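Only one structure is covered here, and it is reproduced in the block below.
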4 protein chains.
Amino acid sequence: MTDAHTLIVRFRAPDRPGILASITPLLAAAGCDVREAQIYGDPDSLAFFVRIVVASPIDEAALASSLASWLDAWADRWSIVDADRPLRTLIAVSRFGHCLVDLIHKQEIGSLPIAIVGVLSNHPDMAPLCNYHGIAYTHAPMDEGKAAQEDRFRALIEETNPDLVVLARYMQVLSNPFAQDLAGRCINIHHSFLPSFKGAKPYHQAHGRGVKLIGATAHYVTADLDEGPIIEQDVRRITHATTADQAVGIGREIEASVLSRAVKWHAEHRVFINGQKTVVLL
Amino acid sequence: MTDAHTLIVRFRAPDRPGILASITPLLAAAGCDVREAQIYGDPDSLAFFVRIVVASPIDEAALASSLASWLDAWADRWSIVDADRPLRTLIAVSRFGHCLVDLIHKQEIGSLPIAIVGVLSNHPDMAPLCNYHGIAYTHAPMDEGKAAQEDRFRALIEETNPDLVVLARYMQVLSNPFAQDLAGRCINIHHSFLPSFKGAKPYHQAHGRGVKLIGATAHYVTADLDEGPIIEQDVRRITHATTADQAVGIGREIEASVLSRAVKWHAEHRVFINGQKTVVLL
Amino acid sequence: MTDAHTLIVRFRAPDRPGILASITPLLAAAGCDVREAQIYGDPDSLAFFVRIVVASPIDEAALASSLASWLDAWADRWSIVDADRPLRTLIAVSRFGHCLVDLIHKQEIGSLPIAIVGVLSNHPDMAPLCNYHGIAYTHAPMDEGKAAQEDRFRALIEETNPDLVVLARYMQVLSNPFAQDLAGRCINIHHSFLPSFKGAKPYHQAHGRGVKLIGATAHYVTADLDEGPIIEQDVRRITHATTADQAVGIGREIEASVLSRAVKWHAEHRVFINGQKTVVLL
Amino acid sequence: MTDAHTLIVRFRAPDRPGILASITPLLAAAGCDVREAQIYGDPDSLAFFVRIVVASPIDEAALASSLASWLDAWADRWSIVDADRPLRTLIAVSRFGHCLVDLIHKQEIGSLPIAIVGVLSNHPDMAPLCNYHGIAYTHAPMDEGKAAQEDRFRALIEETNPDLVVLARYMQVLSNPFAQDLAGRCINIHHSFLPSFKGAKPYHQAHGRGVKLIGATAHYVTADLDEGPIIEQDVRRITHATTADQAVGIGREIEASVLSRAVKWHAEHRVFINGQKTVVLL
């Protein structure tokens, strides 16, 4: 088994009888041994979401060839990936570094299966940190206008060819076409427990309303700001005595934690988009 | 000390120097020994919120006489209450009993310092439960129209003279004048993590949006529906696989828990209204 | 599909290739449509845990006949049950009613798939509550000695033939032989976050140690007291100001919540014993 | 008020009547305006813990002179500190950097009121990180024996004169005399929810026991390993499918979060030792 590949077969299929009964013998015939399987049939969308991890004697391309005709016939969307290949990830930030620091540290110690292919920012602040960690830093300021800046962002994506773009407190709204191009491969962290407190200064909104818990939300970016499918959320308790500034501080930890979990699950190929929602197969 | 009274002195005062320096000697002069003190100065409203628990040789009326001139001069609002007097509480429900069951049980085993003076409902469903527990039950159906029904509710309040009215999943919106009459002494449980999902069927709204946590909110009733000052909130994790009906079931436990905490803190005289927010001195 | 049965096929099998590939075609051949499937392969015990929910045209006995030879050959343990059959449950309590009140309420409103076949107690306190709810109550006091009392407990089990016995704050230690007889079908709630604070008065132990969170643990009963496989745990925050008595009060809610989740998951046939641990397929 | 000092007066006093009534007029006489006050009277130790934040026209030394005779007479222990003076903090680590990265980042962005006076480690791994951040790094390897290494640690303490020593995953046990010298000014993070899983490899112990939540504990160091007064704890949910290695990864985030809260509260002069426990005045 030492020469085996660990592959992830994932697909979304219209729900009908026989899915598992027909795919599992094909996997067995290809010499694959199922190590994990997560299946979810959504009663609303009538879609079946499947993630199967196999020990395979053949690589991802070979297994894809072997299963392609079945997958094309049964599934809406499918992919077969090597679990040991880190996801190429481009990170965008503005001036706040807490999420970036956290992602870099977790990547470096082996707890996030990503390869950081670059960092883009509309500010220069994070350049020294990235230099220290040997990560290419692109400073794309807003001076030349939003359209020009976004062109630089798009060019960087073309150049670095990431699987995933992470907006790690990137305080610029993407244009609709750009957001649509990135559909399903761009994760944003919003610093509130959505759908509460969309838009700007959510901790100040939360403080003004007097809520007793504040939160953060990691979601896929869509053209509708703060409306994309939610991947993960979490909250922390505050009190009447917590100032808006203190809430910002508490929120930083929730943001970093929630974003890193969303990136990890995406990079482990656990997250499926299901209309306006996600299915996360843990 | 066996004949001592445990009294709670609470007040809200405009913030200015010397509040504690002048009240604490007065308490000492009255023979009172401070057992607990919670103080919060709000930097936004510039109000000082104080709750002092004392062991007192004299009763609440006597201590009130003793402190009245100072309190009238320094405080906007004040009260002195006996900590051992349970709060007279009227509960309103509709058809769902989970909050009512919880409040009654906690009252009976001594973990909620309230006396339940009656239960009102627009449905007959909870009558047997109340009869079993020896609690007077008023069935005020909606048949005769909303105004007539609310008149019966108001009449019951006049008759039972409660300190607190608890809407424990009472699925009727109070009229504005009624809500205003009850300002500061009526607690509602809303089955969402406000300000998300105001209005009807919040768990179904949450399910539709695909959030990863659902919650409940206990707040003071105001004329603005679901906008009153929040006393307590809590959340529980759900997943993509949680149906709306399952969310309702999970939510019941959060509702009962959050409502009972809010009622307990109110009954312990820990909650102050501070504009649209609360101060909860724990 | 209106005449279909919802059946749960669950088994534990030594891990080897081909399990899913051979069972799923058999299910399909029996006319069963997979609605949910949870699979877990444990890397330590090298066991495969499978729970498959199917819409079946035949009933549980017929499906069991159809699959028996495969299941006998591949699985260590297996069962096929009708998801709509509530689990026959006998509850034992002492004097504290909070878990019992919670289980009865959740059963009555349809949120726990159990049928309560009786309540046994070494005290008379809960008799009126059970009478009100129409549940047979057996008062088995300790006066006649522990052995005689346990004989009455055993006789009641023989008589009522429960699938599950729940110790809902039953403050008696079962004898080793009795605990062994009930292995895998008896759930206890321990009022601490095990393995901390085993034995008596755990909230007082926790208070003495100055922990900042208290908890409760639902576990299968084994001959080793407080050492059985853990099904569910939860915690709540306390502070230095929380007295031991207040901790007891806070703990009651955690106990009821944790126990009801464990009972629900067991009654939904989601829990497998895996040596000293459990696998809970949610 | 722009030239005012924000001072913190904190003391522990044997509980007797008149404490607040006599200290608050003294503060007023010194021109101090109370901004916050937290008071806790412990019913077990019969001690009164007080933290008062004042806006003062005079500095900490002058206020101390002014209050010294009262404080000496009434209090067991007292101090008056300037809230704007960051706490001099020495950090010790071994090979794992997650807590150190977090503490440095929070210090740099102004969310931890500490000044890091140096980092000591028995390994060289964290030297580049400290160099990048401009923090003096002392590599004190174990090669020369435990006693010699501890002498270097003690020498560094003498040289840097820290108010606080933080063991941020420092995997060496301090000798008893050293632990005693540091009593009340040395915080350790233990990677379990104490008192469960003391000693080595707690996540592996937790995995072996099959617990459903893992945690971390920040506590003051005492001669009794893992028995010191607990400042803060937190937990995160795991499942049967969480491997010991994954638990280690999840645990890192809890450790960093819990440790940084404990350090923050200590640095804000909110934590008092109360026998084997702490009082944390938030």
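Of all residues in the range C:249-279, those satisfying the criterion of being among the β-branched types (Val, Ile, Thr) and either part of a helix (DSSP H, G or I) or farther than 30 Å from C:HIS204 by Cβ (or both) are C:ILE250, C:ILE254, C:VAL258, C:VAL263, C:VAL271, C:ILE273, C:VAL279.
Can you confirm whether the range A:196-207 contains a residue that is of a type in the set (D, E, K, R), more than 10 Å from every other protein chain (Cβ to nearest Cβ) and closer than 30 Å to D:VAL53 by Cα? There is at least one residue in the range A:196-207 that is of a type in the set (D, E, K, R), more than 10 Å from every other protein chain (Cβ to nearest Cβ) and closer than 30 Å to D:VAL53 by Cα. Residues that are facing chain A (nearest Cβ under 9 Å) and assigned to a loop (DSSP other than H, G, I, E, B) within the range B:208-226 comprise B:GLY210, B:VAL211, B:LYS212, listed in sequence order.
Could you tell me whether B:THR89 is at pLDDT below 95, surrounded by 18 or more Cβ atoms within 10 Å (Cβ to Cβ) and not in a loop (DSSP other than H, G, I, E, B)?
Here the answer is no, as B:THR89 does not meet what is asked.
Evaluation of B:GLY275 against the conditions (1) surrounded by 20 or more Cβ atoms within 10 Å (Cβ to Cβ); (2) of a type in the set (Gly, Ala, Ser); (3) in contact (Cβ under 8 Å) with a residue 24 or more places away in the chain; (4) at the interface with chain A (Cβ under 9 Å from one of its Cβ atoms) shows that the sole unmet condition is (1).
When the range C:45-69 is filtered for residues that are surrounded by fewer than 17 Cβ atoms within 10 Å (Cβ to Cβ) and free of Cβ contacts under 8 Å to residues at least 24 places away in the same chain, the ones remaining, listed by number, are C:ALA61, C:ALA62, C:SER65, C:ALA68, C:SER69.
Taking the criterion of being within 14 Å of chain B (Cβ to nearest Cβ) and assigned to a strand (DSSP E or B), the only residue of the range C:92-107 that qualifies is C:VAL93.
C:GLU232 passes every criterion in (1) surrounded by fewer than 22 Cβ atoms within 10 Å (Cβ to Cβ); (2) acidic (Asp, Glu); (3) not in a helix (DSSP H, G or I) apart from (1).
Taken over the range B:125-150, the criterion of being within 14 Å of chain C (Cβ to nearest Cβ) and either assigned to a loop (DSSP other than H, G, I, E, B) or farther than 24 Å from C:ILE109 by Cα (or both) is satisfied by B:ASP125, B:MET126, B:GLY134, B:ILE135.
Checked against the criterion of being within 21 Å of D:ASP125 (Cβ to Cβ) and of a type in the set (Val, Ile, Thr), the candidates D:VAL211, D:VAL235, D:VAL173 yield just one match: D:VAL173. If you go through the range D:113-124 and pick out every residue that is more than 22 Å from D:LEU182 (Cβ to Cβ) and in a strand (DSSP E or B), you end up with 0.
Can you find a residue in the range D:157-170 that is free of Cβ contacts under 8 Å to residues at least 40 places away in the same chain and either of a type in the set (Val, Ile, Thr) or on the phi > 0 side of the Ramachandran plot (or both)?
No: zero hits.
Annotation note: Cβ proximity below 8 Å between a residue of the range B:234-246 that is within 16 Å of C:ARG261 (Cα to Cα) and a residue that is among the basic types (Lys, Arg) and in a strand (DSSP E or B) (sequence gap 6+ or interchain) occurs for B:ARG237/D:ARG237. Would you please name the residue that is nearest to the other protein chains (Cβ to nearest Cβ), looking only at residues in the range C:108-124 that are surrounded by 13 or more Cβ atoms within 10 Å (Cβ to Cβ) and touching a strand residue (DSSP E or B) at 6+ places or on another chain (Cβ under 6 Å)? Here the residue is C:ILE114.
Residues in the range A:70-86 that are without any contact (Cβ under 8 Å) to a residue 60 or more places away in the chain and not aliphatic (A, V, I, L, M) were compared, and the one that is surrounded by the fewest Cβ atoms within 10 Å (Cβ to Cβ) is A:ASP72.
The single condition among (1) within 14 Å of another protein chain (Cβ to nearest Cβ); (2) part of a loop (DSSP other than H, G, I, E, B); (3) surrounded by fewer than 17 Cβ atoms within 10 Å (Cβ to Cβ) that B:VAL173 does not satisfy is (1). Against the list (1) assigned to a loop (DSSP other than H, G, I, E, B); (2) farther than 21 Å from C:ARG252 by Cα, the condition B:GLY110 fails is (2).
Could you tell me whether any residue of the range A:228-243 is touching a helix residue (DSSP H, G or I) at 6+ places or on another chain (Cβ under 9 Å), farther than 23 Å from D:ARG252 by Cα, of a type in the set (Asp, Glu) and within 11 Å of chain B (Cβ to nearest Cβ)? No, the range A:228-243 has no match at all.
The values are calculated or read from the model by the stated rules, or taken from the named source; none is laboratory data. Not measured: the values here are computed from a predicted model. We place every Cβ from the backbone using ideal geometry, glycine too, and count neighbours over all the protein chains shown.
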